[in-house]
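Visitor: Before we start, here is the structure in question, set down as C-alpha cells.
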Amino acid sequence: MAQINEHYLGLKGSYLFSEMAKRINAHGGDIIKLGIGDVTRPLPPAVTEAMIKAVNDMGTADGFHGYGPEQGYAWLREAVAANDYQGMGIEPDEIFISDGAKCDTGNIQELFSDKCRIAVLDPVYPVYVDTNVMAGRAGDYDPEKNAYSNITYLPCSAENGFKPSLPDTDVDIIYLCYPNNPTGTVLTKAELSEWVAYAKKTGALILFDAAYEAFIREDNIPHSIYEIDGAKEVAIEFRSYSKTAGFTGVRCAFAVVPKTLTGTDSNGQPHSLNAMWNRRHTTKFNGVPYITQKGAFACYSEEGKAQIRETIDFYLGNAGIIREGLKSIGIECWGGVNSPYVWLKTPGGMPSWDFFDRLLDAGVAGTPGAGFGSAGEGYFRLTAFNTRENTLRAMERFSLLRI
Ligand code: MLT
C-alpha cells in the first residue's frame, strides 16, 4: 500500500485561487475578474519576435536545441546579472532560471530541515504557508485562529501601516514579499535594511519574493534586497517575468542564490545553499525551453524594456482608477502605487468572504483578504491586470453597491 504524506491532510480546504474560481464558475453571469493576478495585455512585440525566431531556429539542423543547461542558458543568466543586478555583485552562476516564482518559492523549502521555524507576514501569499504544511513544518491548523501552531505570523494591518514588526520569537526562515502581495504596500530601503540587520544578527534566512519589483515607481524603494549591504549573506531572491512581461502563460522566472549564503547541518557545519539548489535543480528540472528563454532574453533589449514599461504603466493606470473609484465611494484602500494590487477595507467591516459573495452578485470578482490569513479578515484585494474597459466597468458596478 502506498502510504500517503499525511501532512497533506493538514492543508486547509482548497488552494485559495482554486476555491475562488469554483465559486465564480458556480455563480455564472457576466463577472469582471479582478481576483487572481493574471495579466491581460499581450506579450511585448520584442518578445514574440524573439520567440518566433527561436521556433524557426528549432526547425533547422544548426539552430536546433535539445536539453539546455538546467540552470538556464548562460546568455540569459548574464543578461539578468547585468540588467537586474547591475552594481550589486550578483554573478550569473548565482542565477537559476525556472518556470515560475510560485514553483521556486514553493520548492525552496526542500533545502531546509523540517525543524526550521518559519515566519510569514499575515496576510500572505498562500504558497509560502501551504508548501511548509506539505513538508510537515507548520504544526496543527487552528480553524478559530485561521493559523498553524508552528508558524510565526507577523500581522500587517492598517494599524501598523502594513509594516510588520520583527519577530519576537526565534525563527530560522522569514518569507518577505515586496512590493507586497496581497496588500500592494512597499518597504523603504531603511525599513528593508532592518530586516537584513535582523537576519545577520540572528542567523535567519530571508526568502525575498520580488515578483512585482517592476511596478515600483517611487524613489527610495529597493527593487532588490541585494541593494542592501550584507543581504548576499542572508537572502535568496525570487523574480518572475509573469507580471512584468506577460509570461503567466509562457512561464519563466529565476531565483538568485548567492554563493556567500550557507545553511548549517545538525552539527553546525556550514553548507552552500547555491550548491544545494544547483543539485536540486539539476536533479528535478530539465530547464526552461529554449524558445521561452529567448523570449525572456528579449525583455532586456531596448525595445523590450520600453514595451514592458508601457504595459506596466498601463496596469498602474488601472490601479489609479481603482484607487480613485474606491475613495470616491468612501472605501479606504492601500497599495496600487508601486504595485498592481489594491487592498481595501470591506465596507461596514463585512467579513471578506461575505463581501466576495456580495460583490459577485454585483458582477465583480476580487480576492477575500481572509484567504491570505487571519489578519486579512475584513480586507479585500483587487488587481489592476484587467483591461481598461473592464476596470472602468468594475468601478461603475462598485459605485452602485449599496452596503
Ligand atoms: C495572485 O493573484 O496572487 C497571483 O496571481 C498568484 C500567483 O502569481 O501565483
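Every number here is computed from the coordinates shown, using simple stated rules; none is lab data. This is a predicted model, so every value here is computed, not measured. Virtual Cβ from ideal backbone geometry, glycine too; neighbours counted across all protein chains shown.
Visitor: What ranking, highest mean first, results for peptides 6-19, 117-130 when packing means the other Cβ atoms within 10 Å averaged over each residue? All intermediate terms of the calculation are to be shown ahead of the outcome.
Guide: On the way: 6-19: 13.2, 117-130: 22.9.
The packing order, highest mean first, is 117-130, 6-19.
Visitor: Oh, and also: Quick one: length gained pulling F314 to F17 fully straight, 0.36 nm per residue minus the C-alpha distance?
Guide: That works out to 104.5 nm of additional length.
Visitor: Report, for the chain, the % of DSSP beta bridges that are antiparallel, rounded to 5. The partial results should precede the final answer.
Guide: Details: 23 of 40 bridges.
Of those bridges, close to 60 percent are antiparallel.
Visitor: Quickly rank 365-372, 222-229, 138-145 as a protection proxy: mean count of other C-beta atoms within 10 Å, highest first.
Guide: 365-372, 222-229, 138-145
Visitor: Further question on the same structure: Would you mind checking the pairs K33/K163; K22/K284; K102/K243; K53/K294; K102/K200 and listing those with alpha carbons more than 20 angstrom apart?
Guide: Beyond 20 Å: K33/K163; K22/K284; K102/K200.
Visitor: Kindly state, to the nearest 0.05, the FRET efficiency for R41 paired with A362, given R0 = 22 Å and r defined as their beta-carbon distance.
Guide: For R0 = 22 Å, the calculated efficiency reads 0.30.
Visitor: Which entries in K12/K115; K12/K232; K189/K345; K145/K345; K189/K327; K115/K232 show an alpha-carbon gap greater than 31 Å?
Guide: The pairs that break the limit, which is 31 Å between Cα atoms, are K12/K232.
Visitor: How far, in nm, would the chain grow between T188 and D219 when pulled straight, counting 0.36 nm per residue and subtracting the alpha carbon separation?
Guide: 10.3 nm
Visitor: With the crude spin-label approximation of a point 7 Å out along Cα→Cβ, what separation in nm comes out for R397 versus N150?
Guide: The answer from the label model is 4.2 nm.
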